[in-house]
Amino acid sequence: MAVTYTWAVTGMKVLASAGPLANYVINAEWTKTGTDENGNTGTFTGATPFQPDPTQPDFVPFDQLTEAIVLSWVQPVVT
């Protein structure tokens, strides 16, 4: 029986303080929903913490984030 999974970012927490890490994501809330061939679904909800490091070459500022980018951080940790 095949299951199709869909992911969604449902919220993000950011550092609101001033300084070099202001407005950077520190936590992403998400859901992973599986649907089988018969239309049965199940959803898992979670949250993944992050340690922002703007000195890394692949760092993405908050105002440039997309759902796909955030999910690319979450999925390797969760799956």
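The values are calculated or read from the model by the stated rules, or taken from the named source; none is laboratory data. In this text the structure is predicted, and so the values were computed from the model without any measurement. A quick note on method: Cβ atoms are made from the backbone with ideal geometry, for glycine too, and the neighbour counts reach across all protein chains shown. Surface areas here come from the heavy atoms of the whole protein model, side chains and all, with no ligands, DNA or RNA. Shrake-Rupley method; radii C 1.70, N 1.55, O 1.52, S 1.80 Å.
When you scan segment 25-41, how many residues do you find that are in a strand (DSSP E or B) and either out of contact with any Phe, Trp or Tyr (no Cβ under 8 Å at 6 or more places or on another chain) or modelled with pLDDT of 95 or more (or both)? The qualifying residues number 10.
Take the residues of segment 7-17 that are open to solvent by less than 80 Å² (accessible area, probe 1.4 Å) and part of a strand (DSSP E or B): which is nearest to E37 (Cα to Cα)?
Across segment 7-17, the extreme among qualifying residues is W7.
Inside segment 61-79, residues that are over 21 Å from A2 (Cα atoms) and open to solvent by 30 Å² or more (accessible area, probe 1.4 Å) make up a count of 13. Just one of the numbered conditions (1) at pLDDT below 90; (2) open to solvent by 80 Å² or more (accessible area, probe 1.4 Å); (3) touching a helix residue (DSSP H, G or I) at 6+ places or on another chain (Cβ under 9 Å) is not true of F44: (1). Pairing each residue of segment 53-79 that is without any contact (Cβ under 8 Å) to a residue 12 or more places away in the chain and of a type in the set (F, W, Y) with any residue that is surrounded by 11 or more Cβ atoms within 10 Å (Cβ to Cβ) and part of a loop (DSSP other than H, G, I, E, B), provided the two are 6+ apart or on different chains, yields C-beta distances under 8 Å for F59/P52.
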